[in-house]
Structures are given as structure tokens and as C-alpha cells.
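**Student:** Structure below; questions to follow.
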Amino acid sequence: MKCMIIGGFLGSGKTTTIRKLVEYLGKQGKKTAIIVNEIGEIGIDGDTISRGGVETREITSGCVCCTLRISMEYTLINLMTSYSPDTIIIEPTGIAFPRQLKSNIENMGLNNVTFAPIVNLVDASGLSPDAEDLQNFMKNQIEDAEILGINKVDLISSEKLLEICLLLRRLNPKARMIHFSAREGGENFDKLLEMLEEASRDKKIADPKNSIEMSGVSAHSSEFEITSQEIPLETVISVSEQILSNITTSIKELNSEFIGHIKLSFSHNGNFVKGSVTSAHKNPEIEILKKERDACSRVKVLSAVTSVPHDELIKAVDLAIRRQLEDRRLSFKKMERSAQAHAQVGIRAS
Ligand SMILES: Nc1nc2c(ncn2[C@@H]2O[C@H](COP(=O)(O)OP(=O)(O)O)[C@@H](O)[C@H]2O)c(=O)[nH]1
Ligand SMILES: [Mg+2]
């Protein structure tokens, strides 16, 4: 079984890349499974990816490279015995250290597991070309990579691309670099797929680090059941956009330069609207995906952002969601989770 680790900071395009990879591996007739790790208690990416009819497991409430190693081992063994995939793709959290994750898996002593080169994605549209602006843990992620995937090049000029290439080369002189748009695909994205067919040559031992502590990222997730019936798709979209921009405004008051990923999903009547904001200076981006009709409608929001006190983040996010739902006269109830965060391993439909 081949293990592909697709790392990269929050919002760099891991899920988008993995969705494309799944299509490609499916066309090749490969049996693929995915493990998605989310830092918050509620997962969103598992829902997004599992729509493709692929075996998906979600691990929430921490990071598989440090705090959730045991959940990772359990999930891997379970997938290998129950599904026997040819390829397993792992999406770690945006703050994980991919090399540490690979070392952990190697230490599990599993039979017949090989690795593709470790990928770390960077968001070319959000990265400052100045190394001084990068936080240490982001430098660590970049240093861990065997393939540095410079993503979202559709949003930047060729001059900016060159500056980013120079910065990444300084931080990691050995990694292979490739730039592409995971959203649009194209020739360079196909090259990434070819690179992933090779084997990892990484032999370094990772020093144990706690990625959650190092990142200074606070995370909070909330889920609301929407009990109003038959909401028009345009309303679902505009409510999603408005919730995201209200949350962005509130978080900006706490840290005007935050980076991270505020993700939202709103599933209603067979539509699955996914929205993202990846920094204080970005507008919400919305995608509309189809889904099997769920019994009930839900809004899920996961916010993981830099340098914001956790209790303030909880207040800002929950208030922004409630206010928007009330303004639109949508009836809702907040899904309460156990106050004590614990790792959850959920099984998604295949
Ligand atoms: N313009 C553009 N947007 C992208 C690209 N890849 C991802 N995105 C957007 O960036 C946001 C975060 O992407 P996602 O794959 O969820 O990031 P993750 O947090 O690393 O899994 C979403 O709104 C995506 O649609 C790209 O190549 N170009
Ligand atoms: Mg993701």
C-alpha cells in the first residue's frame, strides 16, 4: 500500500488537490482511501471528499502528527484490514509537520507500506516573499517537503511566482518544486501526479514537536441544525457568504492580520455549499457541490486562525452565525458536543 501525505498550511489547497488526485487514481483503477485530519472537533473536508464515492475516514480534535498518533494508527490498521486500498492519501491538519507524521507511521511497523515523496503545498497568493514574515512552524513545514507544490498560481503574477520560488529554494534547497493551480488542473498538475508515483527518499528522523503549541493557532468548530424547510439555493449561498464575512470581520477585530482557514459547509436539500476564507484580506469563496439528500439541513463552521485568544474566537464565531441565521429568520438549533474534546474517528460513506 502506498501512502501519500499531502501537507500544507491551513487553506493552501490540500482538499482541492486531493479531490483531483482521487479522480486521477480512480481513472487508473486504483483502490483509494483517504484519511482527513481536522484540528477542530467537527470535520468538513471529510464530507467534501467523500462525495466522490471514496472510502474516507475523518480524525478530529487535534493533530495526527503529535496529539493524535494513536488515533492515526488505529485508523490506518482499520482501513488496511477492512478495505485493503492500493493507495491511502492523508490530509493532515494545516499545522502538522508532514515528516513527523511519516516517521510515526514508519514506527508503527505495518507491513507493505511504502511512501510517495512528502508534499507540502503553499498558497502562492497568500505567502509573503519575505522569509522574516514566515512563522517558524511554517518554515518547518517547508523544510519537511520533498515536493514543494506552489498552489493557486492562477491568482498571482509571474514576478510574484519567481519571488516565491526564490524564497522556497532558500528555505529548502533540496525539494523539487512545482507550481500549479489545483483548482484549474493542467499540465503542471499532471506532473505532480507523476512525481507522486515515485518513492519517498526521505530518511531523516523528525525531532518530536507539538505542532499545536508551535503554531499559535486557535481552533473552534460549531454545528447548527437548520429546521426551516425549502430554503432557496440563492439564500443558502448568500447566508453562507454572509456568515463567513461576519466571522472574518469579528476575527479581524482580534487580529487584523490573521491567517488560517475559516471553513463553512451548509447542506440543504441535496445541495452542499462549501465556503472558505483563508486570511484577513480575502473574501469568502463559495463552491456549490451536489450531495445525496440528508435527512436534516446543517451549517458547520470550522475556524483555525493565528494569534487570537481561544475564548474570544468561540464568542466571535458563534455570535456571527447566530446573528445571521436570526436576521434571515431561519430557525435553527445548535448541536451541542461534549465539552471535553476527544478524538473521534468517523466512518464516511464509500
Ligand atoms: N484560485 C484558486 N483557489 C484555490 C486553489 N486551490 C484551492 N483554492 C481555494 O482555496 C480555499 C482553500 O482550499 P482547500 O483545498 O479547502 O484548502 P486546505 O485547507 O489546504 O484543504 C478554497 O476556497 C479553494 O477553493 C487554486 O489553485 N486556485
Ligand atoms: Mg482541507
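Bear in mind these aren't lab numbers, they're just calculated from the coordinates by the rules spelled out. Remember, predicted model here, so these are calculated numbers, not experimental data. Positions of Cβ are generated from backbone atoms using ideal geometry, with glycine treated the same way; all protein chains shown enter the neighbour counts.
**Student:** Net charge around G126, counting only other residues with Cβ within less than 9 Å of its Cβ (Lys, Arg = +1; Asp, Glu = -1)?
**Tutor:** On the way: positive: K152, K282; negative: D123.
Cβ neighbours under 9 Å give a net charge of +1.
**Student:** Treat each spin label as a single point 7 Å out from the Cα along the C-beta direction, and report the R322 to K191 distance in nm.
**Tutor:** Output for this residue pair reads 5.2 nm.
**Student:** In addition: Give the lysines whose C-alpha is closer than 26 Å to that of K315, dropping any in the same chain fewer than 8 places away, or say none.
**Tutor:** K252, K263, K274, K282, K300, K333, K334
**Student:** So which lysines pass the test for K2, namely a Cα distance under 21 Å, with those fewer than 8 places away in the same chain ruled out?
**Tutor:** K14, K20, K27, K30, K31, K102, K191, K203, K204
**Student:** Note the angle between two axes, namely the Cα long axis of helix 310-327 and the longest principal axis of the Cα atoms of the chain, as a number of degrees from 0 to 90, rounded to the nearest 10.
**Tutor:** 50 degrees
**Student:** Hey, another quick one. Summing -39500 (n - 2.57) over the DSSP H runs of n ≥ 4 in the chain and dividing by its residue number, what mean residue ellipticity at 222 nm do you reach, to the nearest 500 deg cm²/dmol? Intermediate values should be presented prior to the final figure.
**Tutor:** Numbers: 10 runs with 122 residues, N = 350.
Computed ellipticity for the chain at 222 nm equals -11000 deg cm²/dmol.
**Student:** Rounded, prolate or oblate: which fits segment 1-126, taking a ≥ b ≥ c as square roots of the Cα gyration tensor eigenvalues, rounded meaning a/c under 1.5, else prolate when a/b beats b/c? Working shown, then result.
**Tutor:** On the way: a/c = 1.35, a/b = 1.08, b/c = 1.25.
Since a/c stays below 1.5, the shape of segment 1-126 is classed as rounded.
**Student:** Against the longest alpha carbon principal axis of the chain, how many degrees, from 0 to 90 and to the nearest 10, is the axis of helix 14-27 turned?
**Tutor:** Taking Cα atoms only, the helix is inclined about 70 degrees.
**Student:** Next question. Per the Debye formula with a single identical scatterer at each Cα and no solvent contribution, what log10 I(q)/I(0) holds for the chain at q = 0.08, 0.10, 0.14, 0.16 Å⁻¹?
**Tutor:** -0.36, -0.57, -1.17, -1.54
**Student:** So how strong a dipole does the chain carry about its Cα centre when Lys and Arg Cβ are +1 and Asp and Glu Cβ are -1, to the nearest 20 debye?
**Tutor:** On the way: 43 positive and 47 negative charges, 113 e Å.
Using Cβ point charges on Lys, Arg, Asp and Glu, the chain gives about 540 debye.
**Student:** Work out, step by step, the length gained on full extension between R201 and K290: first 0.36 nm times the residue separation, then minus their alpha carbon distance; give nm to one decimal. Intermediate results must be reported in sequence, preceding the final value.
**Tutor:** Details: separation 89, 0.36 × 89 = 32.04 nm, distance 3.93 nm.
Here the segment from R201 to K290 would lengthen by 28.1 nm.
**Student:** Follow-up question, since we're still on this one. What is the angle, in °, between the Cα long axis of helix 158-171 and the longest principal axis of the Cα atoms in the chain? Nearest 10 is fine, range 0 to 90.
**Tutor:** So the inclination is approximately 60 degrees.
**Student:** Please give the peptides 314-324, 1-11, 73-83, 240-250 ranked by average Cβ packing (other Cβ atoms within 10 Å per residue), highest first, as a rough proxy for protection. Don't skip to the end; give the middle numbers.
**Tutor:** Working: 314-324: 18.5, 1-11: 24.6, 73-83: 15.8, 240-250: 20.5.
Most protected by this proxy first, the peptides run 1-11, 240-250, 314-324, 73-83.
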